1. Restricting the first residue to region 101-113 and requiring it to be over 14 Å from residue 155 (Cβ atoms), which pairs with a second residue that is open to solvent by 20 Å² or more (accessible area, probe 1.4 Å) and aromatic (Phe, Trp, Tyr) meet a Cβ separation below 7 Å and a spacing of at least six or different chains?
2. Only one of 127, 154 is surrounded by fewer than 21 Cβ atoms within 10 Å (Cβ to Cβ), modelled with pLDDT of 95 or more and β-branched (Val, Ile, Thr). Can you tell me which?
3. Anything in region 39-50 that is surrounded by fewer than 18 Cβ atoms within 10 Å (Cβ to Cβ) and within 16 Å of residue 156 (Cβ to Cβ)? List them, or say none.
4. Out of the strands (runs of 3 or more DSSP E) lying entirely within region 53-107, which hold 1 or more residues that are under 20 Å from residue 148 (Cα atoms)?
5. Does any residue in region 129-158 that is at positive phi come within less than 9 Å, Cβ to Cβ, of a residue that is of a type in the set (D, E, K, R) and outside any helix (DSSP H, G or I) six or more places away or on a different chain, and which pairs are these?
6. Could you say whether any residue in region 81-104 is in contact with a Cys (Cβ under 7 Å, 6 or more places away or on another chain) and either open to solvent by less than 10 Å² (accessible area, probe 1.4 Å) or hydroxyl-bearing (Ser, Thr, Tyr) (or both)?
7. Which condition number does residue 25 fail, the rest of (1) farther than 14 Å from residue 145 by Cα; (2) open to solvent by 20 Å² or more (accessible area, probe 1.4 Å); (3) more than 14 Å from the chain's Cα centre (by Cα); (4) in contact (Cβ under 8 Å) with a residue 24 or more places away in the chain being met?
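The values are calculated or read from the model by the stated rules, or taken from the named source; none is laboratory data. Keep in mind the model is a prediction, meaning the values are calculated, not measured. Here the Cβ is made from the backbone with ideal geometry for all residues, glycine too, and neighbour counts use every protein chain on show. Just so you know, the surface numbers come from the protein's heavy atoms only, side chains and all, with ligands and any DNA or RNA stripped out. Shrake-Rupley method; radii C 1.70, N 1.55, O 1.52, S 1.80 Å.
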Amino acid sequence: GRLKPGDVVRLPAVDARHSAPRGDRLDVDLAGKVVRVYAGGRLVGLFHCSIAAKREKLPTRSASVAVISENPTYKFSPAMWPEVKGIHQTLLIPPGPRNPVGLCWIGLTLRGVGIHGSPAPEMIGKTGSHGCFRLTNWDALRLAKMVHVGVPVTFSRR
């Protein structure tokens, strides 16, 4: 239901004051639905993610990070969302926590594919995206501080 005065709200204790280790490689485990960050061969980060609902939308080749954007504007293309009815023009959705790509977009060198935040953290770890890899907003922001443009990204099925 809805919150009312006096309700207790529990939130994750995300502390952005601590620096994150810099990663030099990402691996997206499609079976385990996790993004792993490596630095010099050592695992330095692990983030649970959601993956594409349709197998044919899963990447079949490696990529690299092409762009990192905090507070992105989302370009809604009706052709990419056939289940949305009655909208025939491209829409620009402003930045914010309810933006479809959340608070951070990490675009890959695969057309239309990225790792991004989500306005619905309860859906992380599920199968249901259109081809991107969704993280909680706080994990997407942390991952963005761990990588840079050019970092290689592999996709495994462990």
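1. Matching pairs, first to second residue: 101/74.
2. Exactly one of 127, 154 is surrounded by fewer than 21 Cβ atoms within 10 Å (Cβ to Cβ), modelled with pLDDT of 95 or more and β-branched (Val, Ile, Thr), namely 154.
3. 41, 43, 46, 48
4. Per the criteria, 63-70.
5. Short answer, once both residue conditions are applied: 131/54.
6. No, because not a single residue in region 81-104 is in contact with a Cys (Cβ under 7 Å, 6 or more places away or on another chain) and either open to solvent by less than 10 Å² (accessible area, probe 1.4 Å) or hydroxyl-bearing (Ser, Thr, Tyr) (or both).
7. Among (1) farther than 14 Å from residue 145 by Cα; (2) open to solvent by 20 Å² or more (accessible area, probe 1.4 Å); (3) more than 14 Å from the chain's Cα centre (by Cα); (4) in contact (Cβ under 8 Å) with a residue 24 or more places away in the chain, the lone unmet condition for residue 25 is (1).
Per-residue answers, yes or no, for (1) modelled with pLDDT of 90 or more; (2) touching an Asp or Glu at 6+ places or on another chain (Cβ under 6 Å); (3) outside any strand (DSSP E or B):
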| site | (1), (2), (3) |
| --- | --- |
| 1 | no, no, yes |
| 8 | yes, no, yes |
| 12 | no, no, yes |
| 16 | no, no, yes |
| 20 | no, no, yes |
| 23 | yes, no, yes |
| 31 | yes, no, yes |
| 38 | yes, no, no |
| 44 | yes, no, no |
